[in-house]
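Everything on this sheet refers to the single structure shown next.
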Amino acid sequence: TSIIEEMADSVLSEMTLEQRVGQLFMPAIYASDDAYTLATLRRYIDEMHVGGVVLLKGNLNSAAVMSGMGASAEVPLFMSIDAEWGLGMRLEDAPDFPRNGRLSPHADEQLLYDYGREVARECRRIGINMVLGPVIDVVENPRGVIGSRSFGGDPERVADLGVAYAR
């Protein structure tokens, strides 16, 4: 076993059954630093022992405040965001990137690596440690549910670009 596994086992062994079950949940919450939303997050952390939250629409400052709360929990939270084409997808004052399906058919893996690296940098700045993206579904119908969220209809290209972004 690795040192990380030993640390995780040590933390887990100290948890009650209720705390262990709570770690399985990641409720969605708006990225807002108003009193009600922060109290809700505090309740998620202290009473429900959630493993993380999924940040919805809001702003950068609020997301950073909430990430700070999550990081200071007894078991730090996964602070996640559904931001397949950058934080601007959810946070009103974050930089915008093009939807993945709107990238040039000639976009290469280096471009997607750089793109993913920039999104990661922006996330680190405000304490987000999990991005729910990119979408690696293969699009058969561009007007369908996934549409422009995916890298396209070629399975090999979608896989290559998705891996480059995630790297």
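The values are calculated or read from the model by the stated rules, or taken from the named source; none is laboratory data. Model, not experiment: these values are computed from the prediction. Don't worry about glycine lacking a Cβ; one is built from the backbone with ideal geometry, like all the others, and counts go over all protein chains shown. Calculation scope for accessible area: heavy atoms of the full protein, side chains included, ligands and nucleic acids excluded. Shrake-Rupley method; radii C 1.70, N 1.55, O 1.52, S 1.80 Å.
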- Task: For Leu56, put the label point 7 Å out on the Cα→Cβ axis and report which residues of segment 123-143 keep their amide N under 18 Å from it.
- Result: 132
- Query: What angle, in degrees between 0 and 90 and rounded to the nearest 10, separates the Cα long axis of helix 109-126 from the longest principal axis of the Cα atoms of the chain?
  - Reply: 30 degrees
- Message: Taking just the alpha carbons, could you work out the radius of gyration and Dmax for segment 111-167, both in angstroms?
- Response: 12.4, 36
- Most packed first (mean Cβ within 10 Å per residue), the peptides 63-76, 15-28 order as 63-76, 15-28
- Message: From the protein chains alone at 1.4 Å, what is the descending order of accessible area for Asp154, Asp82, largest first?
- Response: Asp154, Asp82
- Query: At a Förster radius of 45 Å, what calculated FRET efficiency corresponds to the Cβ-Cβ distance of Thr40 and Val163, to the nearest 0.05?
  - Reply: 0.80
- For segment 22-141: accessible area per residue (Å², 1.4 Å): 53 Å²
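Could you tell me the relative contact order of the chain? Use alpha-carbon pairs under 8 Å, at least six residues apart, and round to a whole percent.
Details: 269 pairs, mean separation 30.8, N = 167.
It comes to 18 percent, rounded to a whole number.
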- Query: Of Asn100, Asn61, Asn141, which has the largest mean-square fluctuation in a 10 Å C-alpha GNM of the chain?
  - Reply: Asn141
- Message: Let me understand the chain better: what is its radius of gyration from the alpha carbons, and its Dmax, in angstrom?
- Response: 17.8, 52
- Any residue on another chain or 5+ positions along whose placed amide H is under 5 Å from the amide H of Tyr30 is listed here as Leu56
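Hey, what's the Cα Rg ratio for segment 47-137 versus the globular rule of thumb, 2.2 N^0.38 Å?
1.15
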